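Shown next, in structure tokens, is the structure this report addresses.
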Amino acid sequence: MPGTRSMENSALMRKDTKLYIAGHTGLVGSAVLRAMRNEGFSNLIVRTREQLDLTRQAEVEAFFREERPDVVILAAAKVGGVGANNRYPADFIGINLMIQTHVIDAAYRNGAERLIFLGSSCIYPRKAPQPMKEEHLLTSPLEPTNEPYAVAKIAGVTMCRSYYRQYGFDTLNLQPTNLYGPGDNFDLETSHVLPALIRKFHEAKEQRKPFVTLWGSGTPRREFLHVDDLADAVLFLLRQDSETLDRASYHRLINVGVGEDLSIADLATLIGESVGYEGEIRYDTSKPDGTPRKLLDVSRLHSLGWTATTPLREGIEATYRWYRDRSHGR
Ligand code: GFB
């Protein structure tokens, strides 16, 4: 029977737990690292891409044999917005399948006590009922613009679930909604919408441009979670015992979001206000809209007692300050 360890004896509760964060330089991994440090975890393991290439199985196996981490947070992934997903489909499926397959298998074989796998809300079908429940996974076709990425993430979820079912390896799959925050990618071609809009509005203000052009129609709806809230959820879930996770999750799958969405047009208004840009907003409908709506049902996580706390306006303002301080786009 998988998952019967008690938390009192578990490595998960100790501050000297050996905890490996895969992908610690990315948006999610860097937030998890900050949160773990703030909590006083003293035995955190990280490796840069130069030190450890997660797409190379032999390197990953050697690393796990040597380090044998107790807990693994798998936040390493090839990620990007709708434009990047569309342009680099091979990388989005290939790199992600390699990284997650190597890490999940090596973590199990080298005695990790728990692995948390970070996915994305795009694993749910394009026309999933809204808000999207964990149960909606694999119930109808995916959104074509990010199908390769979604298929890789679904394979990761299925692998984690299967290792739990067959071997009792304590895995948990988190599906965060669209994320933003410090450390995000602000490249206009490959980023997600929120950092792209911060940069576009900032540059338009600096250069006194009369209008800003956004992609698509402005009608798709998205939900945005500050990455520090996600890191807090990771910590919260790490502290739950295995039986609690069995009860609360849907076969070890759990959504992480805020439970509210808004249209891209409304997001643009909010970001324009935060940046202080007063010009016109135009839309380039030759660019893809992607999924019409992506709102997560977060009742499973709420039932455990966790809710997101960062209001969107506040989160955007803080992210804008972070962006400006790093002199991006000046
Ligand atoms: O954030 P985003 O790139 O990704 O785009 P998705 C969200 C919406 O914002 C789309 C619109 O309707 C875009 O057309 N948008 C407007 C813009 N202006 C811009 C802009 O300047 N840049 C960008 N990037 N979008 C991704 C998936 O989907 O979400 C990934 O492709 C992943 O696989 C991620 O799941 C969370 O929300 O559409």
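The table below lists the values:
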read-out	value
The range 277-330, subset within 16 Å of the ligand (Cβ to nearest atom) and of a type in the set (Phe, Trp, Tyr), residue surrounded by the fewest Cβ atoms within 10 Å (Cβ to Cβ)	Tyr283
Residue within the range 225-240 that is among the acidic types (Asp, Glu) and part of a loop (DSSP other than H, G, I, E, B) present	no
Filter result for Asp229 (touching a residue at least 12 places away in the same chain (Cβ under 8 Å), under 30 Å from Glu113 (Cβ atoms) and surrounded by 21 or more Cβ atoms within 10 Å (Cβ to Cβ))	yes
Any hit, the range 116-127, residues being assigned to a loop (DSSP other than H, G, I, E, B), polar (S, T, N, Q) and within 12 Å of the ligand (Cβ to nearest atom)	yes
Residues that are surrounded by fewer than 24 Cβ atoms within 10 Å (Cβ to Cβ) and in a helix (DSSP H, G or I), drawn from the range 158-181	Thr158, Met159, Arg161, Ser162, Tyr163, Tyr164, Arg165, Gln166, Tyr167
Filtered residues of the range 33-61 (kept if assigned to a loop (DSSP other than H, G, I, E, B), of a type in the set (A, V, I, L, M) and out of contact with any strand residue (DSSP E or B) (no Cβ under 7 Å at 6 or more places or on another chain))	Leu52
Options Phe224, Phe211, Phe201, Phe169: the member that is touching a strand residue (DSSP E or B) at 6+ places or on another chain (Cβ under 9 Å), farther than 21 Å from Thr145 by Cβ, touching a residue at least 24 places away in the same chain (Cβ under 8 Å) and within 12 Å of the ligand (Cβ to nearest atom)	Phe201
Of all residues making up the range 283-330, the number that are at pLDDT 95 or above and more than 30 Å from Leu142 (Cβ to Cβ)	12
Pairs, first within 19 Å of Asn178 (Cβ to Cβ) in the range 82-101, second hydrophobic (A, V, I, L, M, F, W, C), C-beta under 6 Å, six or more apart	Asn85/Phe92; Asn96/Ala77; Asn96/Ala152
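The values are calculated or read from the model by the stated rules, or taken from the named source; none is laboratory data. In this text, all values refer to a predicted model and were calculated from it rather than measured experimentally. Because the Cβ atoms are built from the backbone with ideal geometry, glycine has one as well, and the counts that use them run over all protein chains shown.
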